[in-house]
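*Asks:* The following block contains the structure, expressed as structure tokens.
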Amino acid sequence: MSKTISGFSKLSKSDKIDWIVDTYFPNNRNAKGVLMQYWNTDVKLQQLHDEFIENTISNYYLPLGVAPNFLINGKTYTIPMAIEESSVVAAASKAAKFWLDRGGFTAEVISTKKIGQVHFKFNGNQQHLSSYFAFIKPRLIEEAKHITANMEKRGGGILDIELRDKTEAIKDYYQLHVSFETLDAMGANFINSCLEQFAKTFKSGALDFDGFAEDERHIDVVMSILSNYVPDCIVRAEVSCPVEQLSENNGVSGDAFASKFVEAVKIAEIEPYRAVTHNKGIMNGIDAVVLATGNDFRAVEAGVHAYASRNGSYSSLSHAEVKDGIFTFWMEIPLALGTVGGLTGLHPLVKLALELLDKPSAKELMQIVAVAGLAQNFAALRSLTTTGIQQGHMKMHLINILNQFGATDSEKQNLVEHFKTETVTHNAVVQALKNLRN
Ligand code: MEV
């Protein structure tokens, strides 16, 4: 049977599933049921989700959890997090509680500029191109007014358009490098629509510009697209306290804790193998909130990792120091987020998540997300430099292992109790379950 098909997107949802089941699961009568058990019984709600993308066949659940007790700039938050990894929400909550008792987090938006580019080829005199750009620039802005008017009314819009010469890297290659302020919108659609309009105006205006020779009038637009690299859309998150306040009941002094912690961060600053994992831990917190609030985590990921390599080598996003007896742990990261547009007004859980956060502006959301990342990083480093990561991680993973072996509720209760004092490993759990069943 052929495993390819044309016109798939035009089939009904049920016919799509039938084709998939017939083609890929001929011996699994259960496959259709597995897909359908995730359909929502509320037909309208299901249709809303079906229409987010093409070829929807079911819903893919991730848990939505919350991490309470976050004190950020003096305001308390319960932060929604959508994530599958067992220990992330627990770690965030623990870090939130730890810092709640030590003054909480501070966060500050440093800049909010976003970038888009029209990439084009021009085979002619560079002076002529510069004169053309000076001539056409006001018209670029004018002819995009139908797109920018509303954004401008609210205080945003196009900040600047520059002509950039890239011919040293690629023959005849230039850019219109455009900066935008998109306020509470992430702005991808706004920016891309503006750029496509600039490209049109820029191309057509060249046809009758007097300063061009006849053979210079052809501008070849390669593409027009926003950049997910946003090094001028930066938020800073920070915690700090006197070193002695870091001591806990586990016998580790504040001094010892702080110096090992700072050492661990330094390693991530100079060692890319460690930096990637260190930053992955930060992204555990960031992605979970970005996803719960209906934002584009792929854009955030791409931008953050590019930023982590901005000095030519991949490095830690966070930093720590002890100075004059004060421990400070901070991070500056690029985050292009929105609290209007996209999924934010559509997905019922996203709407609820934003309400839980007291309907933040994009700037406030940048602060919350950065804090979630810093908290996650703090929790990971705290475990890594004291007990090791597996203790907390495997405790949270215990239920997953038990579920994998079909443990009943009472077996789970029994074994969670048992592992309060035992080390959780996959084998130990399997053995304990076996013993219990015997
Ligand atoms: C696991 O998801 C994240 C950590 O590996 C982060 C880190 O090592 O810093 C624990």
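The values are calculated or read from the model by the stated rules, or taken from the named source; none is laboratory data. Because the structure is predicted, anything quoted here is derived from the model rather than measured. FYI the Cβ positions are ideal-geometry reconstructions off the backbone, even for glycines, and counts take in every protein chain you see. Side chains are part of the model used for accessible areas, which takes the heavy atoms of the whole protein and leaves out ligands, DNA and RNA. Shrake-Rupley method; radii C 1.70, N 1.55, O 1.52, S 1.80 Å.
*Asks:* As an exercise: evaluate residue 60 against (1) touching a residue at least 60 places away in the same chain (Cβ under 8 Å); (2) within 19 Å of the chain's Cα centre (by Cα); (3) open to solvent by 60 Å² or more (accessible area, probe 1.4 Å) and give the number of the one condition it does not meet.
*Replies:* (1)
*Asks:* Kindly indicate whether any position in region 11-28 is open to solvent by 30 Å² or more (accessible area, probe 1.4 Å) and touching a helix residue (DSSP H, G or I) at 6+ places or on another chain (Cβ under 6 Å).
*Replies:* Among the residues of region 11-28, at least one is open to solvent by 30 Å² or more (accessible area, probe 1.4 Å) and touching a helix residue (DSSP H, G or I) at 6+ places or on another chain (Cβ under 6 Å), which makes the answer yes.
*Asks:* Take the residues of region 157-190 that are part of a helix (DSSP H, G or I) and open to solvent by less than 60 Å² (accessible area, probe 1.4 Å): which is farthest from residue 366 (Cα to Cα)?
*Replies:* Residues of region 157-190 that are part of a helix (DSSP H, G or I), as a first pass: 188-190.
Next, from what is left, pick out any that are open to solvent by less than 60 Å² (accessible area, probe 1.4 Å): 188, 190.
Working: 188: 16, 190: 19 Å.
So the residue we want is 190.
*Asks:* With the requirement that a residue be surrounded by fewer than 24 Cβ atoms within 10 Å (Cβ to Cβ) and either over 26 Å from residue 240 (Cα atoms) or under 15 Å from the mean Cα position of the chain (by Cα) (or both), what does region 320-337 give you?
*Replies:* 332
*Asks:* Here are 224, 259, 240: which of them is part of a strand (DSSP E or B), open to solvent by 30 Å² or more (accessible area, probe 1.4 Å) and either within 30 Å of residue 199 (Cβ to Cβ) or modelled with pLDDT of 95 or more (or both)?
*Replies:* Numbers: 224 fails: open to solvent by 30 Å² or more (accessible area, probe 1.4 Å); 259 fails: part of a strand (DSSP E or B).
Result of the check over 224, 259, 240: 240.
*Asks:* Does residue 348 meet the test of being within 19 Å of the chain's Cα centre (by Cα), touching a residue at least 60 places away in the same chain (Cβ under 8 Å) and more than 14 Å from the ligand (Cβ to nearest atom)? Break it down stepwise before answering.
*Replies:* Working: within 19 Å of the chain's Cα centre (by Cα): no; touching a residue at least 60 places away in the same chain (Cβ under 8 Å): yes; more than 14 Å from the ligand (Cβ to nearest atom): yes.
Judged against the criteria, residue 348 is not a match.
*Asks:* What's the number of the condition residue 352 fails, among (1) assigned to a loop (DSSP other than H, G, I, E, B); (2) exposed (fewer than 15 other Cβ atoms within 10 Å of the Cβ)?
*Replies:* Against the list (1) assigned to a loop (DSSP other than H, G, I, E, B); (2) exposed (fewer than 15 other Cβ atoms within 10 Å of the Cβ), residue 352 comes up short only on (1).
*Asks:* Mind checking which residues of region 374-389 are touching a Ser or Thr at 6+ places or on another chain (Cβ under 8 Å) and touching a residue at least 12 places away in the same chain (Cβ under 8 Å)? Explain how you work it out, then say what you get.
*Replies:* Filtering region 374-389 for residues touching a Ser or Thr at 6+ places or on another chain (Cβ under 8 Å) gives 374, 377, 389.
Hits for region 374-389 are 374, 377.
*Asks:* OK, next. Return the residue satisfying two criteria in turn: it lies in region 114-128 and is closer than 23 Å to residue 226 by Cα and buried (at least 17 other Cβ atoms within 10 Å of the Cβ), and of such residues it is farthest from the chain's Cα centre (by Cα). Before you say what the answer is, go through the steps one by one.
*Replies:* Step one: filter region 114-128 for residues closer than 23 Å to residue 226 by Cα, giving 114-122.
Next, from what is left, pick out any that are buried (at least 17 other Cβ atoms within 10 Å of the Cβ): 114-120, 122.
Numbers: 114: 16, 115: 17, 116: 19, 117: 22, 118: 25, 119: 26, 120: 30, 122: 36 Å.
Result: 122.
*Asks:* Another question, if that's okay. If the Cβ limit is 9 Å and pairs must be 6+ apart or interchain, which residue in region 272-299 that is assigned by TED's automatic domain parsing to the domain that holds residue 95 and more than 10 Å from the ligand (Cβ to nearest atom) pairs with which residue that is open to solvent by less than 20 Å² (accessible area, probe 1.4 Å) and modelled with pLDDT under 95?
*Replies:* 293/344; 294/344; 295/344
*Asks:* When you look at residue 299, is it open to solvent by less than 20 Å² (accessible area, probe 1.4 Å) and not in a loop (DSSP other than H, G, I, E, B), yes or no?
*Replies:* Details: open to solvent by less than 20 Å² (accessible area, probe 1.4 Å): yes; not in a loop (DSSP other than H, G, I, E, B): yes.
It is true that residue 299 is open to solvent by less than 20 Å² (accessible area, probe 1.4 Å) and not in a loop (DSSP other than H, G, I, E, B).
*Asks:* Let me ask you something else. In region 82-93, what count of residues is obtained for those that are within 13 Å of the ligand (Cβ to nearest atom) and either surrounded by fewer than 24 Cβ atoms within 10 Å (Cβ to Cβ) or more than 15 Å from residue 383 (Cα to Cα) (or both)? Before you say what the answer is, go through the steps one by one.
*Replies:* Kept after step one, since they are within 13 Å of the ligand (Cβ to nearest atom), are these residues of region 82-93: 83-92.
After this cut, where a residue has to be either surrounded by fewer than 24 Cβ atoms within 10 Å (Cβ to Cβ) or more than 15 Å from residue 383 (Cα to Cα) (or both) as well, the list is 83-87, 90.
So the count comes out to 6.
*Asks:* All but one of (1) within 16 Å of the ligand (Cβ to nearest atom); (2) under 30 Å from residue 247 (Cβ atoms) hold for residue 367, so report the exception by its number.
*Replies:* With respect to (1) within 16 Å of the ligand (Cβ to nearest atom); (2) under 30 Å from residue 247 (Cβ atoms), residue 367 is out only on (1).
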